[in-house]
Amino acid sequence: MESSSFKPKDHLMLPDHPGVYKYFNEIGDLIYVGKAKSLKKRVSSYFNKNTGVNLKTRRMVKEIDKIEITLVNSEFDALLLENNLIKKSQPKYNILLRDDKTYPYLLITDEPFPRIFQTRRMIPKRGTYFGPFASVKAMNNVLDLIRSLFTIRTCKLDLSPYKIQEGKYKVCLEYHIGNCQGPCVGRQSEKDYLKDLEQARHILKGNLGLPKAHFKLEMQEFAQNLEFEKAQRAKEKLDLLEKYQAKSLVANPSIHNHDVCTLVVDEKYAYVNYMRVKNGSLIVSKNVELKKKLDESDEELLLTALIRLQDQFKSDAEEVLVPFEIENPIEGLNLVMPKIGDKKKLIDLSLKNAKFYKQEKALLQGLNKDKKDRVIRQLQEDLSLPDIPDHIECFDNSNIQGSSPVASMVCFLNGKPAVKEYRHYHIKTVEGPNDFASMKEVVGRRYKRLMEGDKPLPKLIVIDGGKGQLSSAVEALQELGIYGKMPIIGIAKRLEEIYFPGDSFPIHIDKKSESLRLLQRIRDEAHRFAITFHRKVRSKNAFGTQLTAIPGIGQSTADKLLKHFKSVKKLKDAKEEEIAKVIGVSRARELVEWREKNKGSD
């Protein structure tokens, strides 16, 4: 598949062919990915006079500087490619599937006497993965069933034939309690072991019919040979399988291999339920939330979620059941809207799950909002503030014996961190370890900048420190003429004392109070942000000092090398050609010659 580029004004030159289109803004960022049965018709629809009533769509169209297209063989291929590109790049105008979980898999290892265990990391060379499982509980139920039916080893021993023959191992407790047949000491052949493993594979694939037939045949053979105890054990395993199947059965077993996908929507979100059904058993049930971006239709939302979830759960479904007719069916994707019967019952079950998920989300959001409102109102009451402190800013300094002094400011809006508003500061006017003067400088710089930009001032300023730091911050506000326009407090670390300007005695908030925990969280976040920045600055300064000690390397050259190599060690290991690309041939040669002369000096 090859890509071609166009300018927006050339959209009519696009081919009347299935494919994927990508929109880029003027700085080259990918802002939207879409698929189309006809690239020419679909892309042109964005640029005609009737383009989207939707304000977001118009805003996106204004940002488009370049269009890149990729031709594919069918609309289904376009749908798959679109999904991969969105997953990889997450463009800002595409629908977001709000789900950041890492799902567990069961792995059958590729080794002598393979093991089965759970993992969240996929390394294809290790063996065959089954899943992902939407819940750990569902995965553990399957794993427990397999271990109840078969004697699969759980040890991590290397059971290479020569190690078994050399008698390197002894049987463990698992052997003595009947959970393992002792392949480590040659009491079970690999051929016999792999027969059990093959039946376990069928269970992991959701094909319970083959293991049931296997145990039924075993039971009959043992009975014919008058081995009644073994026949009874085979019967118990058959019963176990049937009970497991009965618990997971949600539909007629004749519904062989189907996916079900439904959704309910509101103004901003779509709540999707996705189910996988094999032989009447529900093997996956997953709810996800989609955030709308460009006033997408229900059909677009459903298809977007379906393709991503099928990809995530490695679906091989023969048919997908959906709650409404798809106006523009996609060749290669078998979508069916059942109206009666067992398949319709599956749609109803899925819709019930989607509606419950929507209600659950609304309830959770309401509880979170109530809690945030309650905490900041409690803080207002505890500190006797004139306004609800829905905008709080906190300052902290960081230096070690006066070296590389820096400061940080963190911002919390409605009780939550507003990371985009965080700020770092290099201390410019203070020499030596002077926390008070440093605090005065950064507070002054922060609010001078806000006033010049005509931006709102916070409802509460928090200073990490005691009376000294607080007094310095007050001086800065007085010089700007804004002292008294917003409350300011200091919080001392040792006893969590709260200081107000001009008050010799601190106040103490109940240690169990949610409002104190909020202040502590804000203070700790400011401290973390300052420390992180200080380490980075110290590391950069140390790197620069080592480089500028080299003849012919000035600060500007050192900065270039720092940006490219990140550390002196990497620079020492770099080849002359790579260094030359950064600072030129002659300087690179000087640096390498110096490096060779001083090889044994570090």
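The values are calculated or read from the model by the stated rules, or taken from the named source; none is laboratory data. Just so it is clear, the structure is predicted and the values come from calculations on it, not from any experiment. Glycine also receives a Cβ, built like all others from the backbone with ideal geometry; neighbour counts cover every protein chain displayed. Just the protein is used for accessible areas: all its heavy atoms, side chains included, with ligands, DNA and RNA removed. Shrake-Rupley method; radii C 1.70, N 1.55, O 1.52, S 1.80 Å.
Worth pointing out:
- Exactly one residue out of LYS125, LYS156, LYS137 is of a type in the set (D, E, K, R), assigned to a helix (DSSP H, G or I) and in contact (Cβ under 8 Å) with a residue 12 or more places away in the chain: that is LYS125.
- Total residues in the stretch 502-526, condition open to solvent by less than 40 Å² (accessible area, probe 1.4 Å) and either within 16 Å of LYS467 (Cα to Cα) or outside any helix (DSSP H, G or I) (or both): 4
- Strands (runs of 3 or more DSSP E) wholly inside the stretch 245-349 that include at least 2 residues being closer than 30 Å to MET122 by Cβ, modelled with pLDDT under 85 and aliphatic (A, V, I, L, M): 281-291
- Yes/no for PRO114 being assigned to a loop (DSSP other than H, G, I, E, B) and touching a Gly at 6+ places or on another chain (Cβ under 7 Å): yes
- Applying the condition of being over 20 Å from LYS278 (Cβ atoms) and among the aliphatic types (A, V, I, L, M) to the stretch 328-343 and asking which residue is surrounded by the fewest Cβ atoms within 10 Å (Cβ to Cβ) yields ILE340.
- Extreme residue, surrounded by the most Cβ atoms within 10 Å (Cβ to Cβ), among residues of the stretch 24-40 that are closer than 10 Å to MET60 by Cα and touching a residue at least 60 places away in the same chain (Cβ under 8 Å): TYR32
- Test: residue in the stretch 480-498 that is assigned to a loop (DSSP other than H, G, I, E, B), open to solvent by 80 Å² or more (accessible area, probe 1.4 Å), within 29 Å of ARG374 (Cβ to Cβ) and modelled with pLDDT under 85: yes
- All of (1) of a type in the set (Lys, Arg); (2) under 22 Å from LEU282 (Cα atoms); (3) surrounded by fewer than 18 Cβ atoms within 10 Å (Cβ to Cβ); (4) touching a residue at least 12 places away in the same chain (Cβ under 8 Å) hold for LYS243 with one exception: (4).
- All of (1) open to solvent by 60 Å² or more (accessible area, probe 1.4 Å); (2) not in a helix (DSSP H, G or I) hold for GLU236 with one exception: (2).
- The set of residues in the stretch 197-210 being under 11 Å from PHE150 (Cα atoms) and open to solvent by less than 30 Å² (accessible area, probe 1.4 Å) consists of LEU197, GLN199, ALA200.
- Of all the listed residues (GLU475, GLU431), the sole one being of a type in the set (Asp, Glu) and either touching a Gly at 6+ places or on another chain (Cβ under 6 Å) or assigned to a helix (DSSP H, G or I) (or both) is GLU475.
- Tabulated pairs, the stretch 313-327, first open to solvent by 30 Å² or more (accessible area, probe 1.4 Å), second of a type in the set (Val, Ile, Thr), C-beta under 7 angstrom, 6+ apart or interchain: GLU319/VAL336; PRO323/THR262; PRO323/ILE347
- Tally of residues being open to solvent by 50 Å² or more (accessible area, probe 1.4 Å), without any contact (Cβ under 8 Å) to a residue 12 or more places away in the chain and part of a helix (DSSP H, G or I) across the stretch 214-229: 6
- Qualifying residue in the stretch 140-152 (condition: open to solvent by less than 40 Å² (accessible area, probe 1.4 Å), in a helix (DSSP H, G or I) and among the β-branched types (Val, Ile, Thr)): yes
- Residue in the stretch 301-309 that is more than 28 Å from HIS202 (Cβ to Cβ), in contact (Cβ under 8 Å) with a residue 12 or more places away in the chain, out of contact with any His (no Cβ under 7 Å at 6 or more places or on another chain) and small (Gly, Ala, Ser) present: yes
- Residue match in the stretch 373-386 (condition: surrounded by fewer than 14 Cβ atoms within 10 Å (Cβ to Cβ), modelled with pLDDT of 85 or more and of a type in the set (Ser, Thr, Tyr)): yes
- Taken over the stretch 410-466, the residue count meeting the criterion of being modelled with pLDDT of 90 or more, open to solvent by 30 Å² or more (accessible area, probe 1.4 Å) and touching a Ser or Thr at 6+ places or on another chain (Cβ under 6 Å) is 1.
- Residues being within 37 Å of the chain's Cα centre (by Cα) and open to solvent by 20 Å² or more (accessible area, probe 1.4 Å) are entirely absent from the stretch 166-186.
- The C-beta contact set for the stretch 176-188 (first residue closer than 15 Å to SER148 by Cα, second residue basic (Lys, Arg) and open to solvent by 50 Å² or more (accessible area, probe 1.4 Å), distance under 6 angstrom, 6+ apart or interchain) comprises GLN181/ARG187.
- In the set (1) among the basic types (Lys, Arg); (2) surrounded by fewer than 19 Cβ atoms within 10 Å (Cβ to Cβ); (3) out of contact with any helix residue (DSSP H, G or I) (no Cβ under 8 Å at 6 or more places or on another chain), LYS293 fails one condition alone, (3).
- Within the stretch 1-23, being open to solvent by 50 Å² or more (accessible area, probe 1.4 Å), more than 33 Å from the chain's Cα centre (by Cα) and under 11 Å from ILE67 (Cα atoms) holds for LYS7, LYS9.
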